[in-house]
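The numbers here are math on the coordinates, done by the rules we state, and not lab data. Keep in mind that this is a model prediction, so the values were computed, not measured. Reconstructed Cβ throughout: ideal geometry from the backbone, glycine too, with neighbour counts over all protein chains shown.
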Amino acid sequence: GNLAQVEIKRKSACGTCRACTLGTGNTMITEAENPLGARIGQRVKVEISSREILKGAFLIYIFPLLALILGMVLGITITNRLGLKESSQTVGLVLGLVFLVLSFVLIWRYNKKVKDQSTYRSKIIQIIESEK
């Protein structure tokens, strides 16, 4: 069809975070739109919107952190208002962890929802080298 599986070499910017588990070692495999009709064995140049990369980084890194902090603050605030100051840190930690887990569930559901949308997919923009 109009999609291709592309093997991409990890760059130093990827580091070793392993957030994407698509591939092993120094490569990862992703699905890309293929408007140029690239074939197996060809080297291609792919791109993805910077906005989508930033949105993904926010969802993976910042959103769970904010959920954790919000849960902790709410837990401590609620227990302090109820006059249970001695257990406020424990309740804050537990509620923070609950919010953290909920954030991962929300991210997982969001990922399932947008998985097939083309706005989140890389696109082949150039065929660099034909197959050998």
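Assorted remarks:
- Dividing the convex hull volume of the alpha carbon atoms of region 69-111 by its residue count gives 47 Å³ per residue.
- Taking all pairs of distinct alpha-carbon atoms in region 40-80, Kirkwood radius in angstrom: 13.2 Å
- In this structure, the amide hydrogen of LEU3, modeled 1.01 Å from its nitrogen in the peptide plane, lies closer than 5 angstrom to those of ASN34, counting only residues at least 5 positions away or on a different chain.
- A straight Cα-to-Cα reach below 20 Å connects LYS112 with the aspartates and glutamates GLU31, GLU33, GLU52, residues fewer than 8 places away in its own chain not being considered.
- Kirkwood Rh and Cα Rg combined as Rg/Rh, region 39-132: 1.31
- For the peptides 91-98, 39-46, 27-34, the ranking by mean Cβ contacts within 10 Å, running from highest to lowest, is 91-98, 27-34, 39-46.
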